[in-house]
Amino acid sequence: MLTADVAVVGGGPAGAAASITLARAGRDVVLVDKARFPRDKCCGDGLTAGALRLLERLGLDPANVPSWTVVDDVVVRAPSGRTASFPMPGDGVYAAVARRVDLDAALLDVARAAGVKVLDGHALTGATEHEDRIVLDVDGLGDVHARYAVGADGMWSPLRKALGASKPGYLGEWHAFRQYFAGVGPQARRLWVWFEPDLLPGYAWSFPLPDGRANVGFGVQRADLDRDGRVASVQAMKDVWPDILRRPHVRAVLGPHARPEAPHKAWPIPARVDDVALTTRRALFVGDAACATDPLTGEGIGQALCTGVLAGRAINASGPLDAARATAAYERAVARELFADHAMSELLIRAVRHRRGARAALAIAGLTPWTRRNFGRWLFEGYPRALLATPRRWHAGMFTEPGAYR
């Protein structure tokens, strides 16, 4: 039998962030994950300014992430075919790309250095909550007794299911498709976003990686999978992928020598943080287990890191037996940090759902050097999406906060 102050289930960014936050406050932390690291994770691999600042505060050194690629500008193509370039500010890193196989392993190393006992290769098989503890049944380890558990185990969280807090049949709000390419051309050294008419409000992307490689994919909202004139089903996403790759503007970016270096992968994305149970009696759910992805872009690493840190802080501020205080504090913190931005993103989805709205938004964003520079900052979450609508978050320099890793 293992004992700990906190047991964290899941070793991705959310679980690592929670573990680091807890361990640095002196908590005894055990982290379990069914996978053995390094392991791949289906993702676009993009890192926003918000994610980068959190990674820096957690102590991640980009030198320990072999695929780390800084993005200097973003090129966006409107449904009309018009393109606009949006430069990132020069005071720090506002956007980067890193393969999850590299990023997650490096972040777990930070957790180990903080004192977290990382036990990868062990799957959660059950869990029960008691008055003073939570007991996890972990394959190969037996019972793990802890005062709290943090569920960082993904959209179909086994911990959530074991505690009776899952929603049967839930399939997420987005579905995404990704493939790694090698031998890409010089244009693919930039970050590209294509708002294709048949994917709106979804989009296709090419994110740069070192050594002539790129993460290329597309995402659609699940609500649109059955709409006429759009991708008709999840299976159709596989069928439409070769067509997207043949489109002239996509081929022009990838170049004539681009070739797949790995099979394509698809994955669902949960984005309903304001409509899901964030806690049970002694468990706090973070990252995809909290459905914390941005509904506008499908980006979730920054939100995963944020919820992980918030969960760690809530437990640190509460006594070992005061679970009600910890869970309530965490729920308040998530509502304060994410709900307004989530609602703003859902409103913006309506604007870009149709060609006219997407064209107008990009035309306004590309009007002047000032609008281009600040749109890039906003798009990559250089400040909260709904900052103007939440005066409690206003402060001097709120629109000009520097990027990470200066």
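Each reported figure results from applying straightforward, stated rules to the coordinates on display, with no laboratory input. Not measured: the values here are computed from a predicted model. Reconstructed Cβ throughout: ideal geometry from the backbone, glycine too, with neighbour counts over all protein chains shown.
Observations on the structure shown:
- Distance from the stretch 237-304 to the stretch 340-355 (C-alpha centre basis), Å: 17 Å
- With R₀ set to 45 Å, the beta-carbon distance separating residue 132 from residue 36 gives a calculated FRET efficiency near 0.90.
- Dipole orientation for the stretch 29-120: of the candidates 43, 62, 86, 43 has the Cα lying most toward the positive pole (charges on Cβ; Lys, Arg +1; Asp, Glu -1).
- Were the residues from residue 339 through residue 406 laid out at 0.36 nm apart, the gain over their Cα-Cα distance would be 21.2 nm.
- Spacing of the modelled spin labels on residue 257 and residue 1, each 7 Å from Cα toward Cβ, amounts to 6.2 nm.
- Charge dipole (debye, nearest 20) of the chain; +1 at Cβ of Lys and Arg, -1 at Cβ of Asp and Glu: 1080 debye
- Full-stretch length increase - residue 125, residue 325 - with 0.36 nm per residue and alpha-carbon distance subtracted: 69.3 nm
- The stretch 174-269: relative contact order in percent, alpha carbon pairs under 8 Å with at least 6 residues between: 43 percent
- In the chain, helices alone account for a calculated mean residue ellipticity at 222 nm of -9500 deg cm²/dmol, with every DSSP H run of four or more residues adding -39,500 (n - 2.57).
- Partner lysines for residue 34 [C-alpha distance under 27 Å; skip if fewer than 8 residues away on the same chain]: 117, 161, 167, 265
- At an R0 of 25 angstrom, the distance between the Cβ atoms of residue 390 and residue 57 translates into a FRET efficiency of 0.70.
- Within the chain, DSSP assigns beta bridges of which about 70% are antiparallel (rounded to the nearest 5).
- Residues listed by number, the stretch 317-346, amide nitrogen under 19 Å from residue 281 label point at 7 Å toward C-beta: 319-331
- Whole-number percent relative contact order across the chain, with pairs defined as alpha carbons under 8 Å at least 6 apart: 23 percent
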